[in-house]
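The values are calculated or read from the model by the stated rules, or taken from the named source; none is laboratory data. These numbers were taken from a predicted model, which means no experiment stands behind them. No Cβ is skipped: glycine too gets one built from the backbone with ideal geometry, and neighbour counts run over all protein chains shown. To get the accessible areas, we keep the full protein, side chains included, count just its heavy atoms, and leave off ligands, DNA and RNA. Shrake-Rupley method; radii C 1.70, N 1.55, O 1.52, S 1.80 Å.
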Amino acid sequence: MSQEIAVVGSPEFTTGFRLAGVREFANVPDDEKDEHLDEAVTGVLEDDGVGIVVMHEGDLEHLSRNVRSNVETSVEPVVVTIGSGASGGGGLREQIKRAIGIDLMDEDSE
Amino acid sequence: MAKDVKPTRKELMQIEDRIDLSERGHGTLEKKRDGLIMEFMDILDQAQDVRGELSEDYERAQKTINMARAMEGDVAVRGAAAALQEHPEITTESKNIMGVVVPQIESSKVTKSLDQRGYGIMGTSARIDEAAEAYEDLLQSIILAAEVETAMKKMLREIETTKRRVNALEFKLLPELYENKEFIEQKLEEQEREEIFRLKKIKEKKEAEEEAEKAEAEAEAEAAAVEEPVASD
């Protein structure tokens, strides 16, 4: 089954992806993120037609604890956060620390 | 705990079988955990490279779209974005790494030629084309990152589960089984000692009874011998 890529974030963030052909998007203006970002992200995560969700790393701060935990552990669809540099998402780093017992990301970046 | 165990030989044999199975399982799970961590290290290196590329592509894409916005205006960029007709699609196939099913994502229609984009050539400028191209490259990197990160997340989950199983066997189940085994062995030894003592006591009692009987019989015989001459007189 073919799936689509979805983008969630501010209109400035999503426009570029729409220019590359992404049609699944949720625009949440910066001043409404605290109220509406949870809803938008949950909607996209529950959509079976979406295989990859793209978000800005900074937007994770606006999510509630439950939704953020879903975003960080979701595999279908997988959430790719950008704008965090080479270290990857914070959730992944925490998961590595918990599973392996060492902060591998920290060691590699030093 | 040991208090719930019946101190029987059958139970001891069952516990020994369970210890054997648990030790074998513990060894296998430890090997699986180590193997998964080795595989994970390879994927982690790959993920760091992919993340680096993703970061660079994102910066480049942002620069080009900001340039397009500055030169053409936000409305023109949004207009072009709304006109796109071809949409990128992904299909997922799976690959098995040490029992963990990880996805392999195939993408189509991500990179498009100018005429496939659908916003027309006349109404837009090269700045918008450059931005679209940069975002198409960014999407390719995102798809690669999604594949690697999904594999990482799945492997981390499996490592965590395996680690928990290994720890449960090592620190909970096996110590309990060893404790139960020791308890039954001690109880059985105690029962054996009691049995030996009882047999010894029975033997002593029997011997005492036999001696008493013998003494009685001898006394009777003696009494009979004394009475016989009296009767003959």
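Quick rundown of the values:
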| quantity | calculated |
| --- | --- |
| Cα-based equivalent ellipsoid, segment B:1-88: semi-axes from gyration tensor eigenvalues, Å | 65, 17, 11 |
| Total formal charge among the other residues, if their Cβ is under 12 angstrom from that of B:Ser55, Lys/Arg +1 and Asp/Glu -1 | -4 |
| Rg and Dmax [Cα atoms of chain B; Å; Rg one decimal, Dmax integer] | 43.5, 162 |
| Estimated [θ] at 222 nm from DSSP helical runs (n ≥ 4, -39500 (n - 2.57)) normalised by residues in chain B, nearest 500 | -28000 deg cm²/dmol |
| Extension reserve of the B:Asp49-B:Leu21 stretch, reckoned as 0.36 nm per residue once the Cα distance is removed | 5.9 nm |
| Percent carbon-and-sulfur accessible area, the protein assembly as shown, ignoring ligands, DNA and RNA, probe 1.4 Å | 49 percent |
| Candidates B:Gln140, B:Gln46, B:Gln191, ranked by Gaussian network fluctuation over chain B, Cα under 10 Å, top entry | B:Gln191 |
| Per residue solvent-accessible surface (Å²) - segment B:142-233, probe of 1.4 Å | 72 Å² |
| Rel. contact order, % - alpha carbon contacts under 8 angstrom, at least six apart, chain A | 23 percent |
| Local net charge near B:Thr91, Cβ-Cβ under 13 Å (Lys/Arg +1, Asp/Glu -1) | -4 |
| Helix-only CD estimate at 222 nm, as mean residue ellipticity for chain A, using -39500 (n - 2.57) per DSSP H run (n ≥ 4) | -12500 deg cm²/dmol |
| For B:51-64, mean number of other protein chain Cβ atoms within 10 Å | 4 |
| Contact order relative to length of chain B, as percent, for alpha carbon pairs under 8 angstrom and 6 or more apart | 33 percent |
| Solvent-accessible area per residue for segment A:4-100 (1.4 angstrom probe, square angstrom) | 40 Å² |
| Share of alpha-carbon pairs per 5 Å distance bin for segment A:4-100, given as whole % | 2, 14, 26, 26, 20, 8, 3, 1 |
| Equivalent ellipsoid semi-axes, the protein assembly as shown, via Cα gyration tensor eigenvalues times 5, rooted, Å | 84, 17, 16 |
| Peptide-level mean, for B:104-113, of C-beta atoms on other protein chains within 10 Å | 2 |
| Listed residue pairs exceeding 22 Å between alpha carbons, taken from A:Lys97/B:Lys31; B:Lys10/B:Lys187; B:Lys10/B:Lys203 | B:Lys10/B:Lys203 |
